[in-house]
1. Out of (1) 34, 18, 14; (2) 31, 18, 16; (3) 31, 22, 20, which label holds the value of semi-axes √(5λ) of the Cα gyration tensor in Å that was computed here?
2. Can you give me the distance in nm between label points at residue 161 and residue 190, each placed 7 Å from the Cα along the Cα-to-Cβ direction?
3. List every residue whose amide H lies under 5 Å from the amide H of residue 61, counting only residues 5 or more places away in sequence or on a different chain, with H placed 1.01 Å from N in the peptide plane.
4. Amide H neighbours of residue 122 under 5 Å, counting only residues 5+ apart in sequence or on other chains, H built in-plane at 1.01 Å?
5. Hey, can you rank 184-195, 99-110, 126-137 by average C-beta count inside 10 Å, highest first?
6. Would you grab the residues whose amide H sits under 5 Å from the one on residue 181? Only those 5+ places off in sequence or on another chain, please, with H modelled 1.01 Å from N.
7. Within the set of other residues whose C-beta is less than 14 Å from the C-beta of residue 128, count the net charge using Lys and Arg as +1 and Asp and Glu as -1.
Amino acid sequence: MPVPGGVEPASGEFFDVARRQRACRAFLPDPVGDDVVARVLETATRAPSAENTQPWLFVVVRDPQRRAALGALTRRAWIGGGRAHSEGRLSPGLLEEVEHGAVGGVAGAPVLVVVCGDARLTPRAVLGASVYPAVQNMLLAATALGLGSALTTLPLVFGDELAALVGLPEGVEPLALVPLGWPARAHGPSRRRPFADKAFAETCATPWSAPGPP
């Protein structure tokens, strides 16, 4: 059926991937090939960025000792305040899952990607806005390939140590840690409130579920 502008309807496969994308915090030890990681990273670079500056930088960490060191930073951040912050905010089940990832599950992934922003290419005010869309692309690509992944910022508490650990040059700062690996267990679809609970028509006075006349 013709559509306005001649644009073909999007494939339902993308929407299925978006619905299946979940944070994974437990991984099998099986290796992830360079070709698979490359597909994830190439997809990341298709994200938009301020003035198309593309200020992202990815450090792929496979070395067991360096992964353990990244895991240690994550664990320190969790024990040093992350857990106290999350207690009472998360359900017991989710708290247990997050804690498992923070104290060792994330570091157990065979690949850890330190996602960084290059402030030499774009102002710091828009650095995050220019890099985090690339992270979302990474998460979606990982899901499409059958990988587990997650976005964590816990080790950023020790940003200087993290930067030194992966040898970041001056002006490049870590913004996220993304584990990649084959999931240790199956995950169902994400649990989200209906979009209409968060959407409005024209102004916040009119819920989307009851829009007024055009």
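1. Only one option fits the structure, namely (3).
2. 3.1
3. 112, 113, 114
4. none
5. On the way: 184-195: 9.5, 99-110: 21.4, 126-137: 18.8.
Descending packing order for the listed peptides: 99-110, 126-137, 184-195.
6. It is 148, by chain and number.
7. -1
The numbers here are math on the coordinates, done by the rules we state, and not lab data. Every value quoted in this text rests on a predicted model; they were computed, and no experiment measured them. Using ideal geometry, Cβ is built from the backbone for each residue, glycine included, and neighbour counts are taken over all protein chains shown.
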